[in-house]
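See below for the structure under consideration.
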Amino acid sequence: MGNLVYLKIQPYKQMTLANTSFHKLASRYYGPCRILERTGTVTYKLEHPTGIKIHDVFHVSLLKKHLCDHIVYKDLPVYTEDGSIQLKPVALLDKRMKKANRPITEVLIQWQHTNPEDAVWRELHQL
């Protein structure tokens, strides 16, 4: 109890937060989270920020011990009432023109709860 661990929620991220085409390169852990108590032989209850709609008891296979001061992702994603992740753009990092049959403006967007390295290109008219 009291130790810090990282939480692996990559399977959920792949289903709902598909903002990169390279899922193998996406971060796999969130945290660090503090262990509040041991609820079973292989389950632990974690401390979450308020407003997160994820259950707070996890199997030990989804946890990774926090060893140093490096923080991967501090905040967990926020979910809506229907269970999908609320995606909010944080910053427009770059802009480019793509020429096909007609010129298309694309912007490089950093989403909330992601690193700048995970930014993706989206067409401006779709936003």
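Observations, loosely collected:
- Scanning segment 96-120 for residues that are under 21 Å from Arg28 (Cα atoms) and either basic (Lys, Arg) or out of contact with any helix residue (DSSP H, G or I) (no Cβ under 8 Å at 6 or more places or on another chain) (or both) yields Ile109, Gln112, His113, Thr114, Asn115, Pro116, Glu117, Asp118, Ala119, Val120.
A quick yes/no check of all residues on (1) modelled with pLDDT of 70 or more; (2) surrounded by 13 or more Cβ atoms within 10 Å (Cβ to Cβ); (3) in contact with a strand residue (DSSP E or B) (Cβ under 9 Å, 6 or more places away or on another chain):
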{"site": "Pro11", "(1), (2), (3)": "no, no, no"}
{"site": "Gly31", "(1), (2), (3)": "yes, yes, yes"}
{"site": "Arg34", "(1), (2), (3)": "yes, yes, yes"}
{"site": "Gly40", "(1), (2), (3)": "yes, no, yes"}
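- Candidates in segment 103-127 are the residues that are at pLDDT below 85 and of a type in the set (D, E, K, R); of these, the one that is surrounded by the most Cβ atoms within 10 Å (Cβ to Cβ) is Asp118.
The values are calculated or read from the model by the stated rules, or taken from the named source; none is laboratory data. No experiment lies behind these values; they were computed from the predicted model shown. Cβ atoms come from the backbone with ideal geometry, glycine included; neighbour counts cover every protein chain shown.
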